[in-house]
1. Hey, with R₀ at 30 Å, roughly what FRET efficiency would Phe291 and Glu354 work out to, going by the Cβ-Cβ distance, to 0.05?
2. Stretch Glu111-Gln318 to full length: gain in nm at 0.36 nm per residue minus the Cα-Cα span?
3. Nearest 10 degrees, 0 to 90: what angle lies between the long axis of helix 321-346 and the longest principal axis of the chain (Cα atoms)?
4. When Lys and Arg each count +1 and Asp and Glu each count -1, what net charge do the other residues less than 13 Å away from Gly158, Cβ to Cβ, add up to?
5. For segment 175-238, just say rounded, prolate or oblate: build the C-alpha gyration tensor, square-root its eigenvalues into a ≥ b ≥ c, call rounded for a/c under 1.5, and beyond that prolate if a/b exceeds b/c, oblate if not.
6. May I ask for the percentage of alpha-carbon pairs in segment 91-177 that lie more than 21 Å from each other?
7. In deg cm²/dmol and to the nearest 500, what is the mean residue ellipticity at 222 nm of the chain if only DSSP H runs of at least 4 residues count, each as -39500 (n - 2.57), divided by the residue total?
8. Cut-off 10 angstrom, C-alpha nodes, Gaussian network model of the chain. Which of Leu211, Leu232, Leu268 fluctuates the most?
Amino acid sequence: MSALNLPKPAWRTEEHDMLAESTRAFLAKEFVPNLDRWSEAGVMDRDAWIKAADAGLLAASIPEAYGGAGGDYSHESVIAHEIAMAGADSWGWAIHGPIVAPYILHYGTEEQKKAWLPKMATGELIAALAMTEPGAGSDVQGIRTKAERSGNGWVLNGSKTFITNGQHANMVVVAAKTDPSAGAKGTSLFVVETENAPGFRRGRKLKKLGLDWADTSELFFDDMKLPAEALLGPEPNQGFYQMMRALPQERLIIAGGAIGMIERALMLTIAYVKERGAFGKKVIDFQNTQFELADMKTEATMAKAFYETCVGLHLHGQCDTVMASMAKYKLTDLQNTIVDRCLQLFGGYGFMDEYPISRMYRDARIQRIYGGTNEIMKILIARSL
């Protein structure tokens with residue numbers, strides 16, 4: 001069910017519809033009944049990851065040869081939409097599947113793919129991506145975590161913050177300087193398995209404005225010894241290139257979550273104003289309500305059409321950094337605007353935590369920051385002028 005009535009994009013098949021239906025059913029059974037409890041606890045159940053793996057949600061675009069479903073980004077996009085429509089916005093699924101798994105798949109050696117991807121598919125390994133530091137967010141050149149050679153391996157030192165899946169993750173892709181003299185291009189990525197690993201520490205779970213049950217955390221690496229095979233790829237100082245190639249998909253998946261929340265907000269708001277009465281008639285009967293919803297539906301429809309176009313281009317390797325930046329920037333800005341306008345139509349009830357729109361209002365705010373702030377997206381777009 002959707003408040004938007006667009007025709008299916010060319011890339012969407014019956015297989016995608018079946019995936020959407022099965023994902024929706026899984027989330028309704030295993031996630032939705034637990035959302036309030038997880039929100040109160042500030043963290044989801046670890047075994048929910050295993051259930052999601054059994055439902056085929058953790059490895060949609062991992063090839064079958066490595067234990068995945070053999071799909072592509074379009075399948076991840078369908079799952080992202082259903083997660084947003086279910087209100088499971090705090091789940092760090094996107095980091096694990098559409099973001100970290102492609103790093104391993106595209107840049108890992110054959111041995112690394114065989115070692116990590118099947119375990120990611122089953123949920124035995126939960127992934128996190130550790131790039132942000134207390135003094136370095138979007139600026140890769142400012143990374144201070146370093147990895148130095150030690151015999152055949154490496155020694156890792158540094159700290160990371162704002163790390164999604166920080167409490168549950170037992171496999172972390174860490175950005176570290178391996179050649180400080182080379183600036184951003186002296187960066188490498190390391191895949192760190194954390195189970196009983198000397199030198200690895202989890203910091204506190206961070207309290208946030210929204211995404212209550214996302215286990216966003218600090219991570220510390222203190223003289224942590226890594227084997228040679230922890231380096232992602234065959235040689236060091238490839239991290240900047242690897243990250244830049246991965247960013248369009250990361251930004252698209254954020255945009256996909258944005259359009260999913262937009263649709264959910266509209267659906268809930270339309271239902272509410274049709275039921276709620278004021279001054280002797282339904283709120284939907286006021287012209288202001290109709291104009292507000294008409295405007296929001298129009299903007300949301302155009303945004304979804306653009307996003308689905310970007311997905312189609314990405315499947316053919318044609319969605320470049322500029323296009324993905326436009327999608328991330330515009331859709332997350334629109335997400336925040338529409339959720340705010342929808343909350344206004346709920347009146348005082350929109351401010352109450354028992355109504356999903358209030359949580360959506362808080363959860364939406366981070367979308368304009370992570371994955372590269374929207375100000376940085378504008379800079380990237382401006383460079384194409």
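Every number here is computed from the coordinates shown, using simple stated rules; none is lab data. Since this is a predicted model, take the numbers as computed values, not measurements. Cβ sites come from the backbone with ideal geometry, for glycine too, and all protein chains shown count toward neighbours.
1. Details: r = 28 Å, r/R0 = 0.93.
Efficiency computed from Cβ-Cβ geometry: 0.60.
2. Values: separation 207, 0.36 × 207 = 74.52 nm, distance 2.94 nm.
So the chain would gain 71.6 nm between Glu111 and Gln318.
3. With both axes taken from Cα atoms, the answer is about 40 degrees.
4. Working: positive: Arg144, Lys146, Lys160, Lys177, Arg201; negative: Glu133, Glu148, Glu218, Asp222, Asp223.
After counting each charged neighbour, the total is 0.
5. On the way: a/c = 2.46, a/b = 1.62, b/c = 1.52.
The shape class here is prolate.
6. Details: 1339 of 3741 pairs.
Summing the P(r) tail past 21 Å for segment 91-177 gives 36 percent.
7. Working: 11 runs with 176 residues, N = 385.
The per-residue figure over the chain is -15000 deg cm²/dmol.
8. Per the Cα network of the chain with a 10 Å cutoff, Leu268 tops the list.
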